[in-house]
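Undergrad: Mind looking over this structure? Questions follow.
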Amino acid sequence: MNTTVKMENKIAPYQMLLDAMETTHELVEKILPETGIPSLKIGLEEIIPVVRKDIEKAREGVPIVGYHFAFQADYLKCFDCVPICLEGVSYFLSTLLINGVEKYYDVIGNWGHPFHTCSAQKGAMGMSLENLYHFDAIITPTAPCDSTCASYPFFKYEKKFPLIIADMPFLHDEKSYEYYAEQLKLSLYSLGEVIGQEPDFDKMRKALEVENEVSKLRMELFDLIKAVPSPIENIFNPIAAASTVFISGAPENISFYSRILEIAKSRYKNNNHHGGEERIRSIWPYMVTFFDISLCEWLDRELGMSVLLDIFNYNLSDPIDTKSDLDTLFYGMARKAMGWPMVKQSTEFYYPFLDDCIRMAKDFSADCFIYTQSIACKQFGGIPQLLREALRDEVGIPMLVIDFDVGDARITSAKAIKDKISMFVQTLL
Amino acid sequence: MSLKNDQFLHISDSITNPYITEWLANGKKVLGYYCTYIPDELLHAANLLLFRIRATGNTSMNLVDVYMVRFTCSFVRATFDMALRGIYDFLDGILICNSCDHSRRMFELFDLKVFGRENFPKPASQFYYSIPHVITDEGFEWYYTEIQELKAELEEKYILETITNQNLLETINIYNKNRELLRKIHEMRIIDTPKITGSEALQISMSNNSVPKEVANRELERILNSLKESEGVKSNGKRIMLVGSEVDNTDFTGLIEDSGALIVSDFLCFGTRNFLDDVHLGFELDPLKSIVERVYYRISCPRMMDDHERRLNFMKNEIKRANVDGVILQRINNCDLHGCDNMLYVHELKDLEIPVLNLDREFYQADTTRLQTRIEAFLEMI
Ligand code: SF4
Ligand code: SF4
């Protein structure tokens, strides 16, 4: 085996993902009409080159840094490394591979890992156990959940990958932001020591500026989504999550949002809905399934149900002040990190979550909420009923709760999810 | 001498007890808490009775099912079911930290559905502090600040005067004494002919966490003296160390011991984790800081992400010290923290050729036969 192949083999799942994305892209290009599912097409077009470039860099021997999706990919731009989001790769493989990544959930399950942890981590753990990953280091915050805190030690104690931890406190206040800013800085320095590089914060500033730009575009987009009918197709939600995971900090992310925005503007102007007719406007305060994103199309086209927002999309952060000193910079980064999707809701009490949902329901004229309760997210285990009561009392709209696993069809199948939604919809129309 | 009918142990059979009733009758307050990452001495100095929330005797999940999804820990669910039924109405407040995702959410649920209930009998307060998930100098500073803020809150809400260093020093003595007594009782458990069973040790621990510490110390001293005279437990059972999720149910320890084992040691938060480390006053003589140092740096539980190795070493030492034949790891279903830590232990202990059984269970004794079969098979295999 030559050295080139060896380096590439350090991130075999990433190569699997690239292959799957390229095949999907080919299908999208060949089969779907020009007006097909634009966000899927645009997403793949923007993501594929970035992933391909990363794999080339891996071949050249650039350090491979695994990171938790709650650690912002653009912050890792201070290094010359290949950042691999453990959760992101695992979930998007579950989307794109015919049989998902259930095989790897079983690998780690058979090794003794509890079934009720997060499948995003189970996937990455199973792949590591099969030696498909060889990280030079892994970096994670101590949020958003027990599953993170409980699963990541496996990489350190069993796989012996250096594990760098940025401790994130609970509750959002000034002292938390300051503490986490310091943790972020310390963790990046520690990571630098492990991979033998000095962090280049000027390079990172540029990536942060890209994301500041992306934030502005997202704001504009969300204003358009308030319109009836929504000018954005449902599949945008998981694709936007993918763009956050794979191209954050890269100019391709600006391009992704600019192109989506153009389409949204044109649909808005013409009063068009992707599925033909919008009959129900829903908000999913958690997320849609990753193991079968065709659910999004089914909702749009069969039910006329728009998914206006999901957990990945309703966190809009303030731009980071990139022109000031390092402390201010890290403070801004900490604020953004603590307002990150899922982290925001997990590192706070339920009260602001409830308030946010009520506000969103009103601002976006939602007819209902669909709450998908992941078996892994224990931090949300007490919210469904409180949210249901709040939405009923404050906005007068109902909420459906579906227990599921985002990446594992065996917990609740797409068919079962569709049946539940169909029955729920009958009560709405 | 048997502890079977000992009145102190029987305090653990129910949630309230006469000491709580008397405490409340004297106009004093009781604070509930879930996790052992608690600065006990500070709360005691604030003249509060600390009650470690448990679900002893609970058999129903009817009410809690509305508010907590079934993927949450059945121990926490059971406690909340009791709270919804008014069993915890004697509390004047609750202290919550981010120990695990299940118990930390009890802050909001108690607030909205228990203390916020129209007919809740008295005004109740809630306190929250955040603990780092790693053990570092910065983490210590964070935690220390959190506890200083908690102190200020307690002074403002409850006692309306300053908790002095002298107050803290006094309670440190009481708590160090308490831990010393528990350690001495533990010594009687790990010897060749143990003088106490695992179930009795658990009962002692639960009772100890349900009464004023001054009372507990008197009782523990009495029990210790009587144990000295005792012949010990007549058992040929295998010597087991019990590790993992919350255990506050002697039905479970009883099941293990009735299957032909004796639980001679444990690594549980209602067990050894509570009493192994003392508060050591440093040169600075800053008692609050010393209290925080004990809680933060003591032998950890799996919520501390970077301390697995130290936990494993503790287990290895304890296995030797207590001459343990086998380890039973258990997790309450949906307890990610213990479930994952147990996964690592299974492989590490097997590598060390220490017999190990990894069980999953519910808080309530639902599947006794399955558990019993697995435990018996394990004991036979040792
Ligand atoms: S296991 Fe740890 S975090 Fe959970 S209650 Fe016990 S001491 Fe607290
Ligand atoms: S058993 Fe596990 S999940 Fe349940 S309260 Fe304890 S640490 Fe939390």
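Undergrad: Taking B:Cys335 as the residue in question, decide whether it is of a type outside the set (Ser, Thr, Tyr), closer than 21 Å to A:Lys378 by Cβ, within 15 Å of ligand 1 (Cβ to nearest atom) and over 19 Å from the mean Cα position of the chain (by Cα). Step through it out loud before you land on a result.
TA: Details: of a type outside the set (Ser, Thr, Tyr): yes; closer than 21 Å to A:Lys378 by Cβ: yes; within 15 Å of ligand 1 (Cβ to nearest atom): yes; over 19 Å from the mean Cα position of the chain (by Cα): no.
So B:Cys335 fails the test.
Undergrad: When region B:90-113 is examined, which residues are found to be more than 14 Å from ligand 1 (Cβ to nearest atom), touching a Gly at 6+ places or on another chain (Cβ under 6 Å) and basic (Lys, Arg)?
TA: none
Undergrad: Quick check on my filter: what residues within region B:33-61 are within 14 Å of chain A (Cβ to nearest Cβ) and either within 14 Å of ligand 1 (Cβ to nearest atom) or under 13 Å from B:Lys151 (Cβ atoms) (or both)?
TA: Our first condition is that a residue be within 14 Å of chain A (Cβ to nearest Cβ); within region B:33-61, this holds for B:34-35, B:37, B:61.
Selection gives B:Tyr34, B:Cys35, B:Tyr37.
Undergrad: Taking the residues in region B:323-340 that are closer than 24 Å to B:His186 by Cα and not hydrophobic (A, V, I, L, M, F, W, C) as candidates, determine which candidate is farthest from ligand 2 (Cβ to nearest atom). Give the steps one after another, and end with the answer.
TA: Just the residues of region B:323-340 that are closer than 24 Å to B:His186 by Cα, to begin with: B:323-331, B:338.
Right, trim to not hydrophobic (A, V, I, L, M, F, W, C) and you get B:323, B:325-326, B:330-331, B:338.
Working: B:Asn323: 28, B:Asp325: 25, B:Gly326: 22, B:Gln330: 10, B:Arg331: 7, B:His338: 5 Å.
Selected residue: B:Asn323.
Undergrad: Considering B:Glu200, B:Glu214, B:Glu246, B:Glu219, which residue is under 20 Å from the mean Cα position of the chain (by Cα), within 16 Å of ligand 2 (Cβ to nearest atom) and of a type in the set (D, E, K, R)? Steps first, answer last, please.
TA: Numbers: B:Glu200 fails: within 16 Å of ligand 2 (Cβ to nearest atom); B:Glu214 fails: within 16 Å of ligand 2 (Cβ to nearest atom); B:Glu219 fails: within 16 Å of ligand 2 (Cβ to nearest atom).
Of the residues listed, the single one that is under 20 Å from the mean Cα position of the chain (by Cα), within 16 Å of ligand 2 (Cβ to nearest atom) and of a type in the set (D, E, K, R) is B:Glu246.
Undergrad: Answer yes if at least one residue in region B:46-54 is part of a loop (DSSP other than H, G, I, E, B), touching a Gly at 6+ places or on another chain (Cβ under 7 Å), within 16 Å of ligand 2 (Cβ to nearest atom) and of a type outside the set (Lys, Arg), and no otherwise.
TA: yes
Undergrad: Follow-up question, since we're still on this one. Select from region B:360-382 the residues that are free of Cβ contacts under 8 Å to residues at least 40 places away in the same chain and surrounded by 15 or more Cβ atoms within 10 Å (Cβ to Cβ) and write down the one among them that is nearest to ligand 2 (Cβ to nearest atom). Write out each step before concluding.
TA: If we filter region B:360-382 for residues that are free of Cβ contacts under 8 Å to residues at least 40 places away in the same chain, which is where we start, we get B:360, B:366-367, B:369-370, B:373-374, B:377, B:380-381.
With the extra rule that they be surrounded by 15 or more Cβ atoms within 10 Å (Cβ to Cβ), the set shrinks to B:360, B:374.
Working: B:Asp360: 12, B:Arg374: 19 Å.
Among residues in region B:360-382 that are free of Cβ contacts under 8 Å to residues at least 40 places away in the same chain and surrounded by 15 or more Cβ atoms within 10 Å (Cβ to Cβ), the one nearest to ligand 2 (Cβ to nearest atom) is B:Asp360.
Undergrad: Any idea which residue in region A:151-199 is farthest from the other protein chains (Cβ to nearest Cβ), counting only those that are free of Cβ contacts under 8 Å to residues at least 40 places away in the same chain, within 22 Å of the chain's Cα centre (by Cα) and within 19 Å of A:Phe330 (Cβ to Cβ)?
TA: Across region A:151-199, the extreme among qualifying residues is A:Ile164.
Undergrad: So B:Asp81 ticks every box in (1) more than 16 Å from ligand 1 (Cβ to nearest atom); (2) in a loop (DSSP other than H, G, I, E, B); (3) in contact with a helix residue (DSSP H, G or I) (Cβ under 9 Å, 6 or more places away or on another chain) but one. Which box is left unticked?
TA: Unmet for B:Asp81, out of (1) more than 16 Å from ligand 1 (Cβ to nearest atom); (2) in a loop (DSSP other than H, G, I, E, B); (3) in contact with a helix residue (DSSP H, G or I) (Cβ under 9 Å, 6 or more places away or on another chain): (2).
Undergrad: A further question follows. Check whether at least one residue in region B:109-132 is outside any loop (DSSP other than H, G, I, E, B), over 28 Å from A:Leu186 (Cα atoms) and within 16 Å of ligand 2 (Cβ to nearest atom), and report yes or no. Quick ask: steps written out before the conclusion?
TA: Let us first name the residues in region B:109-132 that are outside any loop (DSSP other than H, G, I, E, B), namely B:109-115, B:125-129.
Add one more test, that the residue is over 28 Å from A:Leu186 (Cα atoms), and what stays is B:109-115, B:125-127.
Next, only the ones that are within 16 Å of ligand 2 (Cβ to nearest atom) stay: B:109-110.
Checking region B:109-132: at least one residue is outside any loop (DSSP other than H, G, I, E, B), over 28 Å from A:Leu186 (Cα atoms) and within 16 Å of ligand 2 (Cβ to nearest atom).
Undergrad: Right, here's the next one. Checking B:Arg104 against (1) within 8 Å of chain A (Cβ to nearest Cβ); (2) crowded, with 19+ Cβ neighbours inside 10 Å; (3) over 24 Å from B:Ser205 (Cβ atoms); (4) charged (D, E, K, R), which single condition isn't satisfied?
TA: Only one criterion is unmet by B:Arg104, namely (3).
Undergrad: May I pose another question? Where in region A:1-117 are there helices (runs of 4 or more DSSP H), lying wholly inside it, with at least 2 residues that are under 27 Å from A:Ser258 (Cα atoms)?
TA: Values: elements: A:3-8, A:12-31, A:38-60, A:86-96, A:102-110.
Answer list for region A:1-117: A:12-31, A:38-60, A:86-96.
Undergrad: What helices (runs of 4 or more DSSP H) completely inside region A:290-386 contain at least 2 residues that are under 30 Å from B:Val76 (Cβ atoms)?
TA: On the way: elements: A:294-298, A:326-338, A:343-346, A:350-363.
Once the helices (runs of 4 or more DSSP H) in region A:290-386 are filtered for at least 2 residues that are under 30 Å from B:Val76 (Cβ atoms), what remains is A:326-338, A:343-346, A:350-363.
Undergrad: Which one of A:Lys344, A:Lys378 is touching a residue at least 24 places away in the same chain (Cβ under 8 Å) and within 16 Å of ligand 1 (Cβ to nearest atom)? Even if it seems obvious, please write down each step before you answer.
TA: Working: A:Lys344 fails: within 16 Å of ligand 1 (Cβ to nearest atom).
One residue alone meets the criteria, A:Lys378.
Undergrad: Still on this model: Checking A:Ile254 against (1) part of a helix (DSSP H, G or I); (2) over 17 Å from A:Tyr75 (Cα atoms); (3) outside the structural domain of A:Leu76 (by TED's automatic domain parsing); (4) without any contact (Cβ under 8 Å) to a residue 60 or more places away in the chain: exactly one of these is not met. Which one?
TA: (2)
Undergrad: Within region A:277-287, can you find the residues that are within 26 Å of A:Gly382 (Cα to Cα) and out of contact with any Cys (no Cβ under 6 Å at 6 or more places or on another chain)? Steps first, answer last, please.
TA: Filtering region A:277-287 for residues within 26 Å of A:Gly382 (Cα to Cα) gives A:281-287.
Those that are within 26 Å of A:Gly382 (Cα to Cα) and out of contact with any Cys (no Cβ under 6 Å at 6 or more places or on another chain): A:Arg281, A:Ile283, A:Trp284, A:Tyr286, A:Met287.
The values are calculated or read from the model by the stated rules, or taken from the named source; none is laboratory data. These numbers come from a predicted model, not from an experiment. Every residue, glycine as well, gets a Cβ built from its backbone with ideal geometry; the counts of neighbours run over all protein chains shown.
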